[in-house]
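The values are calculated or read from the model by the stated rules, or taken from the named source; none is laboratory data. If you're wondering where the values come from, they're calculated on a predicted model, not measured in any experiment. With ideal geometry, Cβ positions are generated from the backbone for all residues, glycine too; neighbour counts draw on all protein chains shown.
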Amino acid sequence: MNLWAHSSSKDGVRHGLEDHLRDTAALAGDFAEVFGAGELAAYLGLVHDVGKGSCAWQEGLIAAEPTKGRVVDAQGQSIDHKAAGTWLAVREAGLGLFGMPVLGHHGGLPDTQDLKRCIALAETDDRERVQEAIERVSKVIPEIASGPFPELPAWVKSAPDPLAVELLIRMVFSALVDADFLDTSRHFSGALRPEPASLATMADAFEGARIEYLAEAKARTGPSPVDGIRAEVYDQAVSAAAQPRGIFPFPAPTGSGKTIAAGGFAVHHAARHGLRRVIIAVPYMSITEQNAKVYRRLFGEANVLEHHSSVDLHRLPAGRRWQRLAAENWDAPVVVTTTVQLFQSLFDRRPSAMRKVHRLAGSVIVLDEVQSLPDSMLLPILSALRQLTEYFGTSVLLASATQPAFFDLDIFRGLKPTEVIAQPQPLYEQLRRVRYIWRCHPKPTFKQIAAEAAGERQVLLIVNTTGDAAQLHERLVKIWKHDGPVLHLSTRMTAGHRREVLGDIYKLVGQNQPVAVVATQLVEAGVDLDFPVVYRALAPAEALQQAAGRANRNGTLAEGRVIVFDPADGNTWGTRLVYGAALDTSKRFIGPKAADPDDLAALRAYYRTRYAVKNVEGSGAGRQIQERRADFDFPVVAERFKMIEERTVPMLVRRGEDKKLDALRARLRGSERIEPWVFRDIQPYLATLPVNLARQAVEQGKAAELIGDLYEWLGDYDAHRGIQFPSPNAEDKDKDQ
């Protein structure tokens, strides 16, 4: 009797069910071994497709093979193959809720009621088919029913924290679906899983590459007065890497070399503790590519995976849902991604989104610009980070110039952080390179600000919305008093366009040429700009300090100037949408009659008050998510967890003739499977619009839906400001995530 798992490959060979179950079990067990659940994941891999052993399913597979269609019965109905393995996991192996990964390995993690219904049907209406499948598969894999059955990790039985158990189910599910995908892909494509390089041997190479990289930078720009401080920050980070695994706050001022220091901490910490992976998450797509470029140089080109696709393939029509298989699974020593990609995946329920999640165990997670985590989601995020460090062998580095007061929250109560910088306040005082000038009473207009800025030879102006940026840019262009350009940066421009403009800015500033730049918040984190004067529209403390990091960044002036202004004619609604109550709280501690944004005591008081005012632990979406997690309600958690409250969508933009874009667009439109590299290669062509504006643009014929939630822009594209829709003064939010 031959039992098959999948139809014929390109070589005309069917995939044997025994082979698939045993190979999936081996892979899943290997993935989960790092967090002590290898036997559990292996057993779930062994039983996940047992239902395919039924006569009905086998006959359906053979009937569907010529057309590559779905496996259906004589009435055209899908034949369930998950109930048999779920029943084995729950009833025979006694694994209870850990039957959920088997039940959800195609459709997504269920809730407890779904699990109960499945078991009830397996014991009543579907009993005959379920038992038939188990009996047939048991003849070739007897251990599915006779054991030995796996033990749950000791901590689950001794002190079961429901939230930690919930995370363990997620981790085991991730290991299972990744193993299932890889073994199925190996059958159809013949591709073998490559062995990633080990971080244990990478530290020395990292140090050599770092020295080379810094020498080249110094040769280009000359020595900087802050070079010594950056070296001190790096040394402290590497020293902290020798400490035991845990959570590491890393407060350091802007311009102190956090990007390289974080990489140094990560590689040395991983080597010291035998950790498998470094996962670096940044909040903004605009700097993901930049940081990935640096890390490829330091870790080695072949060792770094950059994953930040902004295209959501889970919205595909039914006929193209197989395209979901293009998702990355983070099988690389170093992953550079966005915080949105990281945490949306962690709290998702769908197999394609969660394939990568098991890679978080036994890794170093670097959260750069950690102040950007949304307050509404802090409770589940911090809870998961704590559980990852306590139960899954992970270390977390929290890097920020404006370090949030996370350890004052109850969710971190009892944790003892390992400080990377022993005494941060003196470091901030050493790196104080600017003077703050406050222009809030009376409020100036954009016309007045433009008139002031027009007299500066090199100036950066940062505002809170794309509409404000367009308005201020228009005004400044008309009255600019110098020969140099007035440039613009916002997410209404494509990533490639922004990169070109940033290149022009670096060149002009480096050559001491006149230049003005009007930008949104996307320049505040990780963008290495250095202006003598920065104008910043009023924003919370962390944004003000980040903006100040673009003034006199390299310390070549005696003092840079940061002019904080509250625009009388700014987009107040859009600003409130971006910052909410954080702006009001900031005014209590930071301002002309209070402290400067780099006062760490004032900053901590600001965060503590902000969290109390918002009641981030006691109510709201975060608390509701935690309650649903404790009830193992995976669908509701996935629905409610939103890193971005008002979602933007990517917009593919054509700027003139471009054969490469034509080829990429054809792949997106075509019937062939879309490989991950296609989504990486379209990044330079993507701008963003709020979803409501994207839909309006479609109605007006200025945009069209392309694939998933990816749109194509058909309207005009301004050479300086990008997409202008519906008008330069539109009230919309610029969230570059």
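A few remarks follow.
- From the options Arg640, Arg623, residue that is touching a residue at least 24 places away in the same chain (Cβ under 8 Å) and surrounded by fewer than 19 Cβ atoms within 10 Å (Cβ to Cβ): Arg623
- Residue in segment 331-338 that is of a type outside the set (Ser, Thr, Tyr) and at pLDDT below 90 present: yes
- Filtered residues of segment 116-171 (kept if touching a Gly at 6+ places or on another chain (Cβ under 6 Å) and either free of Cβ contacts under 8 Å to residues at least 12 places away in the same chain or under 30 Å from Thr389 (Cα atoms) (or both)): Pro153
- No other residue among Val364, Val357, Val370 is touching a His at 6+ places or on another chain (Cβ under 9 Å) and surrounded by 22 or more Cβ atoms within 10 Å (Cβ to Cβ) apart from Val364.
- Some residue of segment 391-410 being of a type in the set (D, E, K, R) and over 23 Å from the mean Cα position of the chain (by Cα): yes
- Per-region count, segment 447-460, residues surrounded by 21 or more Cβ atoms within 10 Å (Cβ to Cβ) and free of Cβ contacts under 8 Å to residues at least 40 places away in the same chain: 1
- Of all residues in segment 377-398, none satisfies being among the polar types (S, T, N, Q) and at pLDDT below 95.
- When Ser174, Ser224 are checked against the criterion of being within 21 Å of Leu367 (Cβ to Cβ) and either in contact with a Gly (Cβ under 9 Å, 6 or more places away or on another chain) or surrounded by 23 or more Cβ atoms within 10 Å (Cβ to Cβ) (or both), a single residue qualifies: Ser174.
- Counted residues, segment 535-548 - those being of a type in the set (A, V, I, L, M, F, W, C) and either free of Cβ contacts under 8 Å to residues at least 40 places away in the same chain or closer than 17 Å to Leu431 by Cα (or both): 4
- Yes/no for Ala539 being over 30 Å from Leu714 (Cα atoms), in contact with a Phe, Trp or Tyr (Cβ under 8 Å, 6 or more places away or on another chain) and crowded, with 23+ Cβ neighbours inside 10 Å: yes
- Residues considered: Glu705, Glu699, Glu712. Of these, the only one that is among the acidic types (Asp, Glu), outside the structural domain of Arg498 (by TED's automatic domain parsing) and within 24 Å of Ser352 (Cα to Cα) is Glu705.
- For segment 141-156, the condition holds for at least one residue, the condition being that it is modelled with pLDDT of 95 or more, of a type outside the set (Ser, Thr, Tyr), surrounded by fewer than 19 Cβ atoms within 10 Å (Cβ to Cβ) and not in a helix (DSSP H, G or I).
- Single residue of Gly85, Gly76, Gly99, Gly107 found to be on the phi > 0 side of the Ramachandran plot and either buried (at least 18 other Cβ atoms within 10 Å of the Cβ) or assigned to a loop (DSSP other than H, G, I, E, B) (or both): Gly76
- Residue within segment 15-29 that is aliphatic (A, V, I, L, M), over 30 Å from Phe632 (Cα atoms) and buried (at least 24 other Cβ atoms within 10 Å of the Cβ) present: yes
Each row is one residue, and each column tells you yes or no for (1) in the same structural domain as Ala548 (by TED's automatic domain parsing); (2) more than 24 Å from Arg576 (Cβ to Cβ); (3) touching a residue at least 60 places away in the same chain (Cβ under 8 Å); (4) in contact with an Asp or Glu (Cβ under 9 Å, 6 or more places away or on another chain).
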position	(1), (2), (3), (4)
Tyr436	yes, no, yes, yes
Thr445	yes, no, yes, yes
Ile462	yes, no, yes, yes
Gly467	yes, no, yes, yes
Glu474	yes, no, yes, no
Trp480	yes, yes, no, no
Lys507	yes, yes, no, no
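- For segment 561-573, the candidate set comprises residues that are surrounded by 21 or more Cβ atoms within 10 Å (Cβ to Cβ) and not β-branched (Val, Ile, Thr); within that set, the residue that is nearest to Leu544 (Cα to Cα) is Phe565.
- Taken over segment 614-640, the criterion of being of a type in the set (A, V, I, L, M) and in a loop (DSSP other than H, G, I, E, B) is satisfied by Val616 alone.
- Within segment 334-366, the set of residues being of a type in the set (D, E, K, R) and farther than 20 Å from Ile644 by Cα comprises Arg355, Lys356, Arg359.
- Residues (within 27 Å of the chain's Cα centre (by Cα) and in contact (Cβ under 8 Å) with a residue 24 or more places away in the chain) located in segment 491-505: Thr491, Arg492, Met493, Thr494, Ala495, Gly496, His497, Arg498, Arg499, Leu502
- Gly618 passes every criterion in (1) under 30 Å from Pro380 (Cβ atoms); (2) of a type outside the set (Lys, Arg); (3) in contact (Cβ under 8 Å) with a residue 24 or more places away in the chain apart from (3).
- Subset of segment 227-249 (residues that are in contact with a helix residue (DSSP H, G or I) (Cβ under 7 Å, 6 or more places away or on another chain) and either under 30 Å from Ala361 (Cβ atoms) or outside the structural domain of Leu385 (by TED's automatic domain parsing) (or both)): Val233, Tyr234, Ala237, Val238, Ala240, Ala241, Ala242, Arg245, Gly246, Ile247, Phe248
- Of residues in segment 676-706 being in a strand (DSSP E or B) and under 21 Å from the mean Cα position of the chain (by Cα), the one surrounded by the most Cβ atoms within 10 Å (Cβ to Cβ): Thr688
- Each residue in segment 543-572 was checked for being β-branched (Val, Ile, Thr) and more than 23 Å from Pro442 (Cβ to Cβ), and 1 pass.
- The residue that is modelled with the lowest pLDDT, among those in segment 477-500 that are buried (at least 17 other Cβ atoms within 10 Å of the Cβ) and aliphatic (A, V, I, L, M), is Ala495.
- Qualifying residues in segment 711-724 (those that are surrounded by fewer than 22 Cβ atoms within 10 Å (Cβ to Cβ) and of a type in the set (A, V, I, L, M, F, W, C)) - the one nearest to Gly496 (Cα to Cα): Ala719
- Looking across segment 183-195 at every residue that is assigned to a helix (DSSP H, G or I) and either of a type in the set (D, E, K, R) or in contact with an Asp or Glu (Cβ under 9 Å, 6 or more places away or on another chain) (or both), the one that is nearest to Lys356 (Cα to Cα) is identified as Asp183.
- Given (1) crowded, with 16+ Cβ neighbours inside 10 Å; (2) at pLDDT 95 or above, number of the condition Asp598 does not satisfy: (2)
- So Lys68, is it over 30 Å from Ala361 (Cβ atoms), among the charged types (D, E, K, R), surrounded by fewer than 24 Cβ atoms within 10 Å (Cβ to Cβ) and touching a residue at least 12 places away in the same chain (Cβ under 8 Å): yes
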